[in-house]
Amino acid sequence: MGFLTDPFFYEVLVSGLLAGVMYALVALGFVLIFKASGIFNFAQGVLALFAALTLVGFQKGQVPFAHLINAIFGTEVQFWSDAGIPDFLAILLTLVVMIALAWVIVRVVLRPLVNQEGIILFMATIGLAFVLEGLGDIMWGANVKKLDVGLPSGPSDAIIDATGMFVDKLEISAAVVAIILVVALTLFSQYTKMGRALRAVADDHQAALSVGISLETIWWIVWSVAGIVALVAGVMWGAKSGVQFSLSLIALKALPVLMLGGFTSIPGAIIGGLMIGAGEKLFDFYIGVPFLGGATENWFAYMLALGFLLFRPQGLFGEKIIERV
Amino acid sequence: MTIQPVAEAAETDTEYAHQEVDHGLNARKVGDVVMEMKNITLRFGGVTAIKDVSFDIREGEIRAIIGPNGAGKSSMLNVINGFYHPQEGEVWFHGEKRGAMKPHEIARQGIARTFQNIALFRGMTTLDNIMTGRLTKMHTNIFLQALWKGPAEREEIEHRAKVEHIIDFLEIQAIRKTPVGRLPYGMQKRVELGRALAAEPKLLLLDEPMAGMNVEEKQDMCRFILDVNDEFGTTIALIEHDMGVVMDIADRVVVLDYGKKIGDGTPEEVRANQDVIDAYLGVAHD
């Protein structure tokens, strides 16, 4: 066990775990919607992108649909204010936008599809992903934007002094935020009557209606919460790598996390994220670079997920699917 | 003398009712009309599922809806609980005309139901399933609920006690923590009844509560239905195919055939009705 004394081991492990937290933030949004409506929401990544774009737009005082307005009216509007909106207010406004967006999604996309098969709802979310991506583009423009909401960033001197490890402050903030989110969401879904109503809706629409649950209200709440989680994920990823359209692809990295953690478990999303993050970094460091020529991070997570699909399809913490023949 | 607890008798014959009380039997009270369906017509495109059907349900009675397959029985139940909205006709509940309401709003008014093809939350335990029946009765602040503190804790305990009472009543203590997807069919039917009861409904709709059961399970279910009606005074409207069962437990029966009402009355009256006999046994066309 020589590697346990290797200082690099810990550094790689910690950076892997922190990267895993970032994956988990995205995965959380998936779990929420899947748990509550049985829908695999393909649009979650785009939702995060849209939230980040909106936040930056508000911060910078961008005029929404500026290109469209300019093209139609021949004007030259770009910013309605050079100073923009203070961070805190911008975040609040973005929250309002996400909640309103959730309402629109429920009315326009989900309501006509009540009592349909899961696969149909899944297809609808694929469509939603494209629509949202286009909407984000038209509203806020396609250029890469810098996102700064005043989160600490850069290497943490305290940790370097104490352990000699290089850890980004931003990733520590992400970890703290993730912990708060998970605790809040777990309490919400385990102990409130809303949580029970959510699971009921996921299980059977008709039966849920017959016990007095309003599908639309529940869906609205779920999509709002998923939108808020998407905003958090969007802020973290945006602060890390800039707000750009490739952000919507982080959803793909969340898939193996979900397969490991299980589609229905909130703590599972976090633990799955940590395992994928640490696993891919350690694999790359000890096996990938010395023996396989590196760049294993691109595929390691998917291989791990494939293994899980073969031997434990419900993931580590997912509910076992009961099917009576 | 022999006393038969027939509601009809207790209702019309005060002497009989007194005797029933003297013998320690619960004199069931069949009261005023709680639900009235007036000239209901329901169409799906060109198909008319229900054609100009009127009937009423009185407080405290067991009202059966019978008829051959495709007669529109389940559609009628779906109209009552708001899954379908009839094109013509009026639904009156507790003396008020009901507008176009959504099923969950109707559920909150006190109409609970079970389904022909069991609609339980399969991934949840028996206990959780029955607890969902009480969702409309929980009112504490959601944040308090999340923290499991103060009034929220008291409320949860209170509801849990009610649910445990139902579990005792239906004799399903042993399967309290079992996910219902794993239970045998008869048990699932019973859990579904429990979920409907948890809402403390004013009107309970049962869609073929005994379909696909063996004799023993049917007897159990009959007993539960009678007990619910007796102990809680719940008004029950049920659809059932087993004639023996219907004749035994129902106070009044309405018979549908091809969406039309062909009979309405006590089991004896319905049994003697020529139209009903024709519908069930077929009639020679010559």
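Bear in mind these aren't lab numbers, they're just calculated from the coordinates by the rules spelled out. This one's a predicted model, so the numbers in the text were calculated from it and none came from an experiment. No Cβ is skipped: glycine too gets one built from the backbone with ideal geometry, and neighbour counts run over all protein chains shown.
Two-decimal Rg/Rh of the range A:2-311 from alpha-carbon positions, Kirkwood Rh?
On the way: Rg = 20.6 Å, Rh = 20.6 Å.
Result: Rg/Rh = 1.00.
Wrap a convex hull around the Cα atoms of the protein assembly as shown, take a quarter of its surface area, and give that in square nanometres. Please report the intermediate quantities before stating the final value.
On the way: hull surface 155.4 nm².
Mean orientational projected area (the protein assembly as shown, Cα hull): 38.8 nm².
Strictly over 19 Å apart at the Cα level, which of A:146/A:281; B:189/B:218; B:177/B:218; B:102/B:260; B:102/B:261 would you flag in this model?
Numbers: A:146/A:281 27 Å; B:189/B:218 11 Å; B:177/B:218 24 Å; B:102/B:260 25 Å; B:102/B:261 26 Å.
Pairs exceeding the cut-off: A:146/A:281; B:177/B:218; B:102/B:260; B:102/B:261.
How much FRET efficiency would the formula 1/(1 + (r/R0)^6) give for residue A:116 and residue A:161, where r is the Cβ-Cβ distance and R0 is 45 Å, rounded to 0.05? Show your work: numbers first, answer last.
Details: r = 58 Å, r/R0 = 1.28.
Approximately 0.20, to the nearest 0.05.
So, in Å, what gap is there between the alpha-carbon centers of the range B:228-286 and the range B:82-134?
Value for the Cα centre distance between the two parts: 23 Å.
Residues of the range B:88-119 with amide nitrogen under 14 Å from the 7 Å Cα-to-Cβ point of residue B:169?
Flagged as within label range: B:112-113.
Over the residues of the range B:117-200, compute the C-alpha Rg and express it relative to 2.2 N^0.38 Å.
Details: Rg = 13.1 Å, N = 84, 2.2 N^0.38 = 11.8 Å.
Working it through for the range B:117-200, the quotient is 1.11.
Arrange B:266, A:163 by Cβ neighbour counts within 10 Å, fewest through most, would you?
On the way: B:266 16, A:163 13.
Sorted ascending by nearby Cβ count, the order is A:163, B:266.
What average number of partner chain Cβ atoms lie no more than 10 Å from the Cβ of the residues making up B:119-126?
On the way: counts 9, 4, 10, 7, 11, 6, 0, 0.
Per-residue shielding by partner chains comes out at 6.
How do A:12-19, B:185-192 rank on mean C-beta neighbours within 10 Å, highest first? Don't skip to the end; give the middle numbers.
Working: A:12-19: 19.6, B:185-192: 21.2.
Output ranking for A:12-19, B:185-192: B:185-192, A:12-19.
When you take every Cα atom in chain B, what is the radius of gyration, and what is Dmax, the widest Cα pair distance, in Å?
When restricted to Cα atoms, chain B yields Rg and Dmax of 20.0, 75 Å.
Placing unit charges on C-beta atoms (Lys and Arg positive, Asp and Glu negative, everything else neutral), compute the dipole magnitude of the range B:117-200 about its Cα centre in debye, rounded to 20.
240 debye
Quick one: check the C-alpha center-to-center distance for the range A:53-81 versus the range B:143-220, whole angstrom.
For the range A:53-81 versus the range B:143-220, the Cα centre distance is 56 Å.
Across peptide B:250-263, what mean number of C-beta atoms from other chains lies inside 10 Å of a residue's C-beta? Walk me through the numbers on the way to the answer.
Details: counts 0, 0, 0, 0, 0, 0, 0, 0, 0, 0, 0, 0, 0, 0.
Shielding by partners across B:250-263 averages 0.
What does the C-alpha gyration tensor say about the overall shape of the range A:66-209? Classify as rounded when a/c is under 1.5, otherwise prolate if a/b is larger than b/c, or oblate. Kindly include the intermediate steps, with their values, before the conclusion.
Details: a/c = 2.39, a/b = 1.12, b/c = 2.12.
It comes out oblate by the Cα gyration axes.
Along the charge dipole of the protein assembly as shown, which of B:191, A:114, B:225 sits closest to the positive end, that is, farthest toward it, with unit charges on the beta carbon of Lys, Arg, Asp and Glu (+1, +1, -1, -1)?
It is A:114, whose Cα lies furthest towards the positive end.
What is the distance, in nm, between label points placed 7 Å from the Cα along the Cα-to-Cβ direction at residue B:241 and at residue A:245?
Modelled inter-label distance: 5.8 nm.
Across the range A:246-325, how large is the tail of the calculated P(r) beyond 21 Å, expressed as a percent of all Cα pairs?
Numbers: 1054 of 3160 pairs.
Roughly 33 percent, once rounded to a whole number.
Among B:230, B:32, what is the fewest-to-most ranking by other Cβ atoms within 10 Å?
Details: B:230 15, B:32 10.
Lowest to highest Cβ neighbour count: B:32, B:230.
Quick one: give the max-minus-min coordinate of the C-alpha atoms of the range A:1-135 along each principal axis, largest first, in Å.
69, 47, 25
Projecting each Cα onto the charge dipole of the range A:2-311 (Lys/Arg +1, Asp/Glu -1 at the beta carbon, about the Cα centre), which of A:239, A:260, A:294 comes out farthest on the positive side?
Ranked along the dipole, the leading option is A:260.
Which lysines does residue A:145 reach when only Cα atoms under 16 Å apart count, and residues fewer than 8 places away in its own chain are ignored?
A:60, A:240
Go ahead and run the numbers for FRET between residue A:107 and residue B:283, Cβ-Cβ distance against an R0 of 45 Å, rounding to 0.05.
Numbers: r = 51 Å, r/R0 = 1.14.
The pair residue A:107/residue B:283 has a calculated efficiency of 0.30.
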